[in-house]
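Here is the structure we will look at, set down as structure tokens.
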Amino acid sequence: VQLQASGGGSVQRGASLTLSCATSRNIYTITSMNWYRQAPGQQRELVAAMMADGSTDYADSVKGRFTMSRDIPKNTVYLQMNSLKPEDTAVYYCNAVIQIKTDMYYWGKGTLVTVSS
């Protein structure tokens with residue numbers, strides 16, 4: 001499974017950005033599509049997740065500000081990020097998990113989001 005993430009950039013506090021992640025596999029065959037982020041000196045953390053049925057879950061730190069969506073024909077998921085804060089600054093990674101007999105994890109290259117105050 002190949003994942004291609006894009007959409008990062010440098011913005012000011014309060015701005016919005018939308019990240020995209022295109023996958024080479026039919027989204028319905030992927031157990032979950034997820035967005036992680038890793039800030040300098042910190043561990044990678046799960047930001048948002050979308051299951052194959054379209055249900056979503058978010059980290060408490062982004063609830064109400066970030067929204068994950070998908071375009072099924074394009075096999076693409078999005079992360080709409082509103083009201084960005086400097087603490088959202090990180091490299092954002094797209095991740096796909098496929099559960100068959102075991103969990104298989106796939107990662108895209110990160111895209112940098114920088115939020116200045």
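Mind checking which residues of region 21-45 are under 26 Å from Thr114 (Cα atoms), among the hydrophobic types (A, V, I, L, M, F, W, C) and not in a loop (DSSP other than H, G, I, E, B)?
Cys21, Ala22, Met33, Trp35
Identify, by number, the condition in (1) modelled with pLDDT of 95 or more; (2) aliphatic (A, V, I, L, M); (3) in a loop (DSSP other than H, G, I, E, B) that Val1 doesn't meet.
Failing condition for Val1: (1).
Return the residues of region 46-79 that are among the small types (Gly, Ala, Ser) and either surrounded by fewer than 18 Cβ atoms within 10 Å (Cβ to Cβ) or part of a loop (DSSP other than H, G, I, E, B) (or both); say none if nothing qualifies.
Matches in region 46-79: Ala52, Gly54, Ser55, Ala59, Ser61, Gly64, Ser69.
Just for region 13-29: of the residues that are closer than 17 Å to Tyr92 by Cα and of a type in the set (S, T, N, Q), which one is least open to solvent (accessible area, probe 1.4 Å)?
Of everything passing the filter in region 13-29, Thr23 is least open to solvent (accessible area, probe 1.4 Å).
Does region 80-117 hold any residues that are acidic (Asp, Glu) and loosely packed, with under 15 Cβ neighbours inside 10 Å, and which are they? If you could, list the steps in order and put the result at the bottom.
Applying the first criterion (acidic (Asp, Glu)) to region 80-117 yields 87-88, 103.
Across region 80-117, the qualifying residues are Glu87, Asp103.
Between Tyr58, Tyr93, which is among the aromatic types (Phe, Trp, Tyr) and either in contact with a helix residue (DSSP H, G or I) (Cβ under 8 Å, 6 or more places away or on another chain) or in contact (Cβ under 8 Å) with a residue 40 or more places away in the chain (or both)? So that I can check it myself, show each step before the final result.
Working: Tyr58 fails: either in contact with a helix residue (DSSP H, G or I) (Cβ under 8 Å, 6 or more places away or on another chain) or in contact (Cβ under 8 Å) with a residue 40 or more places away in the chain (or both).
Going through Tyr58, Tyr93 in turn, just one is among the aromatic types (Phe, Trp, Tyr) and either in contact with a helix residue (DSSP H, G or I) (Cβ under 8 Å, 6 or more places away or on another chain) or in contact (Cβ under 8 Å) with a residue 40 or more places away in the chain (or both): Tyr93.
I'd like the full set of residues that are surrounded by fewer than 15 Cβ atoms within 10 Å (Cβ to Cβ), of a type outside the set (S, T, N, Q) and closer than 19 Å to Tyr106 by Cα, limited to region 30-45.
The one that is surrounded by fewer than 15 Cβ atoms within 10 Å (Cβ to Cβ), of a type outside the set (S, T, N, Q) and closer than 19 Å to Tyr106 by Cα: Glu45.
Could you please tell me which pairs satisfy a Cβ distance under 8 Å, a separation of 6+ or placement on different chains, a first residue in region 1-25 that is among the basic types (Lys, Arg), and a second residue that is outside any loop (DSSP other than H, G, I, E, B) and surrounded by fewer than 15 Cβ atoms within 10 Å (Cβ to Cβ)?
Listed by first residue and then by second, the contacts come to Arg13/Pro86; Arg13/Ser116.
The values are calculated or read from the model by the stated rules, or taken from the named source; none is laboratory data. From a predicted model like this one, the values you see are computed outputs, not experimental measurements. Glycine gets a Cβ as well: all are built from the backbone with ideal geometry, and neighbour counts include every protein chain shown. To get the accessible areas, we keep the full protein, side chains included, count just its heavy atoms, and leave off ligands, DNA and RNA. Shrake-Rupley method; radii C 1.70, N 1.55, O 1.52, S 1.80 Å.
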